[in-house]
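Values in this text are rule-based calculations from the coordinates and carry no lab data. Please read these numbers as outputs of a predicted model, since none were measured by experiment. Quick reminder, even Gly has a Cβ in these numbers, built from the backbone with ideal geometry, and neighbours come from all protein chains shown.
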Amino acid sequence: MRIIRPVLLPCLSALALAVLPLSVRAQLVQGQYETEAPVGSWNTFPFLTAPSLGRGETSYAFASDSSCTLANPALAARLPKLTLGLNGSLRRATIFRFGPVNTGVFTSRENLTIDLSALDWGGLSFRFGRWAVAFNAALIETYDRPPIAFDYYEEGRLLYSYKWNQTGLLRTFHLSLARELRPNLTVGLGLGLLSGSTGLTSEESYAYAGYVIRDDRDQDLSGFTMNAGILWEPLAGLRLALAVRAPFIAKAASESALSYTSVSAGAPIVIRGSSRDKSRLPATVGAGVCWSALPRLQWAVDLTFIDWMSYRFQYFGETKTRAFRNSWKLGTGVEYEPEISLWGAALTLPFRAGIVYDSQPMRDPRSGVLGWTVGTGVAWNHLRLDLGASFGSENGSGRKLRTTRTALALGYRL
Amino acid sequence: MITVRRAAAALIASALGFLASTTPLVPQDIVSVRATEENKAKLARSPLDLLMEWDHKLYLVLAPGDVSRLQSLGIPFALETGRLAVSPPPSAALSQGGLNGAYHSYAELERELLDIARDYPAIAKLFRLGTTLEGRTIYALKISDRPELNEDEPEVLFLGCHHAREWITVEVPLLLARYLTGEYDRDENVRNRVDSAEVWIVPLVNPDGLEYSIQTYRWWRKNRRLNDDGSYGVDLNRNYGYQWGADDEGSSPAPVSDVFRGREPFSEPETSIVRGLCESRDFRVAVSYHNFSQIILYAWGWTRRPSPNAAEYAAMAARMADLIRPVNGRDYTPEPACSLYLTNGDTVDYITGTLGIPAITIELPPLDIVHGGFMNAESDISSVFAENLPAMLYLIDDARQKFAASGDGERPGRPAKPKKGKLDALK
């Protein structure tokens, strides 16, 4: 009960950089950015490379590169004989409420920004006869948050400091197998191996009193996914697709150490935790349409349904309450691929545009991300270079969060 | 006959430590007594388990119930578990295993309270007092013979964890619940207490705050009210209605303050729930656990003027300190709550000022911030409980004696006994 006065009270006051009037919605539960929330959106399936990104984030019925098999394994049979590809992305997201920020310890004047960059996909596929195989490695989720570093000085002397940092990522190593059953019907099956990690560190130093509290948490993530898909071409130029990713268990080997260390007290107090956590991630069903309206002009629509109500998250041995509702994502886009001749070389210059709406699973606040997408590229001979971008604006949390992703893909097709 | 085992104390102590971590319902301790001929003779006639004799001391292994047996022999003893027991090996699972180690989270406490009520239905009944801002339940465990009845017996209240970061204040009242239920069939003294009193235990008044302290920020104190200015939390121990907001020294009107008193008295569901419990019962004495500082506080906190019954409360607090000291040698200082600084709107003043009964705040160890402050080692849980147990039992016995002496509900000079109301009992 003892209140640590008087130095800490000014410290605590200084922590409040500024407080803007908040929306009238009283958010008692974090919602948008829980500990395990991926950066940008809860709905990270399917993974998208630059071409799909620019095309309204559509991928179920449109085969651009082998990454499409992460969405619909059946598309492997519609890829060229051999494809190779790499993709890198720059991601920027704004975030307001996470960890100790705007939940009671620190307040911020504005939304905070996190920037991430990564080589986030590599893949290859090849067809042989009526079979096709694709292999992809992709960075499908990141859990980073803006780091916090706060120092409080008085008369040139450091009295208090606070540091907090959360990082994390999840990769998939995915193998797809597809077969053309009939000239207009293909099916496919995919298996994914998940691998990742998270780390959270906070350190609070009361230099004036000579003690430090430190909290370290580490998790090794793993799991298996299974998805399947079908692609049907009832008419020339029309493709219909259905894809399913089964619900799966994501495992975490979790270790923690909470310590109190005092210069004058001798041995530190350490509380260790260890658990093997299992979280149930939801099933996802996607449907897609791709229609070649005119030569070189294609229009695609994707609808994804995610069963978030079945989500169960376990963290260090305890199942956490996540008041989630089922959510959906609708994207539509066009791709126009004119051919030009440049210095005697035949080039294809795709232009892409689209819009997407991505509803988030939280019941409170009820929010969604509305985005528009653009993309372009150049294809020459067997080589392709594609650029795509998605610009999303969130509505519902009262914070107008933004999420942006820009991707550059390099591909080879035979 | 005394037998001396030729086993290293550390080895046995480590085994006990391991057992303690895997069988949390049966705490075990090592104590030492002076190796006098008189003590040897007394112990020879007792079933107490002698570990070894070393350096003019006899070391005993105490199982649950053995503390009272040792006390009944009149042999002063000192707790040695913290000194002798080594940390359990890393592979040994901690009692609960999560971020909070052996301390109870809300979910873990809920499970344990349900288990106690299920395992001891004849003497324990769990009540759902109400719901917090984030939808968690505040529970009360009633321990008495025929707990489904409102018998004409003295009622005693033990409260824990008004302040989120004070994790050990959940454990001490919870261990009392385990002790009273676990020892009921084995210890006649415990049986007498439970049969002739109604002990109410609310181990966790602030579950929302506790969860935030575990998950996000260890040093969090308040509840999880989203205040109008965007800050979070009301200090529950400044939100009670007696002399609420008497001045800005004993509490703060600023939401960002750690001692923010709230918008109005009992604005918070947690304090409103405790008030509801107090008004529906007829408590004779109440204790609210906090940490740290090792002090025993009584009314008033809101003013430096002594309360009308200050002498009685001071004597009670001094007696408790005397009972605590011999167990581990730790001194708890009895004093009025205003001695350190003024506090208004706190639990002790509310209970004493409104109900007219003694209310005690016990600030558990450590002594100061540099020795852990709000953070106690897991190995301290059982020793802190062990030293507070005699004081807890004293309060129950004191309430029984006064009840018996004064007759049915007569409390001279104090407000009329409130009527007993209905609480929502778990089926």
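Excluding residue B:102 itself, what net charge comes from residues whose Cβ is under 11 Å from its Cβ, given Lys and Arg +1 and Asp and Glu -1? Net charge around residue B:102: -3. Backbone phi angles across segment A:131-142, fed through the Karplus curve with coefficients 6.51, -1.76 and 1.60 (θ = phi - 60°), yield HN-Hα couplings of 9, 8, 10, 9, 10, 9, 10, 9, 8, 8, 8, 10 Hz in residue order; Gly and Pro are listed as x.
When Rg and the Kirkwood Rh are both derived from Cα coordinates, the Rg/Rh ratio for segment B:182-224 amounts to 1.32.
Calculated mean residue ellipticity, 222 nm, chain A: -1000 deg cm²/dmol, from DSSP H runs (n ≥ 4) at -39500 (n - 2.57) each, averaged per residue and rounded to 500. Under a Gaussian network description of chain A, with springs only between Cα atoms under 10 Å, the residue in A:246, A:353, A:74 that fluctuates furthest is A:246. Please grab the % of Cα pairs in segment B:106-425 that end up more than 24 Å from each other. The answer is 50 percent, as a whole percent.
Taking amide H as placed 1.01 Å from N in the peptide plane, residue B:244 has its amide H under 5 Å from the amide H of B:345, each at least 5 places away in sequence or on another chain. Using only Cα atoms, locate the centre of segment A:163-198 and the centre of segment A:31-65, then give the distance between them in Å, rounded to an integer. One Cα centre to the other: 13 Å.
For q = 0.19, 0.20, 0.24 Å⁻¹, what log10 I(q)/I(0) does segment B:273-340 give under the Debye formula with an equal point scatterer on each alpha carbon and no solvent? Debye intensities relative to I(0), on a log10 scale: -0.86, -0.93, -1.12. P(r) for segment A:78-132, from all Cα pairs and a bin width of 5 Å, is 5, 14, 15, 11, 10, 9, 8, 8, 7, 6, 6, 2, 0 %, short bins first. Relative to one another, the C-alpha centroids of segment B:302-379 and segment B:175-219 are positioned 19 Å apart. Between residue B:77 and any residue 5 or more places off or on another chain, the built amide H atoms are never under 5 Å apart.
Just how many % of Cα pairs in segment B:90-192 lie over 22 Å apart, if you round to the nearest whole percent?
Numbers: 1861 of 5253 pairs.
Of all Cα-Cα distances in segment B:90-192, 35 percent exceed 22 Å.
Only lysine pairs 8 or more places apart or on separate chains count here, and in chain A those with Cα atoms under 19 Å apart total 4. Along its first, second and third principal axes, ordered by size, segment A:21-413 spans 78, 41, 41 Å in Cα coordinates. Here segment B:119-165 yields Rg over Rh of 1.04, to two decimals, using C-alpha coordinates and the Kirkwood radius.
Across q = 0.08, 0.11, 0.22 Å⁻¹, segment B:157-299 modelled as identical point scatterers on its alpha-carbon atoms has Debye log10 I(q)/I(0) values of -0.25, -0.46, -1.42, in the order of the q list.
Quick one, what does Rg over Rh come out to for segment A:43-199 if you take C-alpha atoms and the Kirkwood Rh?
Numbers: Rg = 21.3 Å, Rh = 18.0 Å.
For segment A:43-199, the value is 1.18.
If you take the alpha carbon atoms of segment B:229-358 and fit the smallest convex hull around them, that volume is 109 Å³ per residue.
Ranked by how many other Cβ atoms sit within 10 Å of their own Cβ, fewest first, the residues A:68, B:278, B:161 fall in the order B:278, B:161, A:68. 3J(HN,Hα) couplings calculated from phi for segment A:369-378 with the Karplus curve 6.51 cos²θ - 1.76 cosθ + 1.60 (θ = phi - 60°) are, in sequence order, 10, 9, x, 10, 10, 9, x, 8, x, 8 Hz; Gly and Pro show x. Straight-line reach from residue B:402: taking Cα to Cα under 19 Å and skipping same-chain neighbours fewer than 8 places apart, the aspartates and glutamates in range are B:151, B:152, B:153, B:155, B:195, B:198, B:282, B:312, B:410. Its Kirkwood hydrodynamic radius, worked out from the mean inverse distance over all distinct Cα pairs, puts the protein assembly as shown at 30.1 Å. Strictly greater than 26 Å: what percent of every Cα pair in segment A:140-281 meets that? Beyond 26 Å sits 52 percent of the P(r) for segment A:140-281. The string of couplings for segment A:277-288 from the Karplus curve (6.51, -1.76, 1.60, θ = phi - 60°) is 9, 9, 10, 9, 8, x, 6, 10, 10, x, 10, x Hz, one whole number per residue in order, with x for Gly and Pro.
Summing +1 for each Lys or Arg and -1 for each Asp or Glu, what net charge is found among the other residues whose Cβ lies under 12 Å from the Cβ of residue A:65? Can you show the working numbers first?
On the way: positive: A:78, A:384, A:413; negative: A:386.
Every neighbour counted, the sum reads +2.
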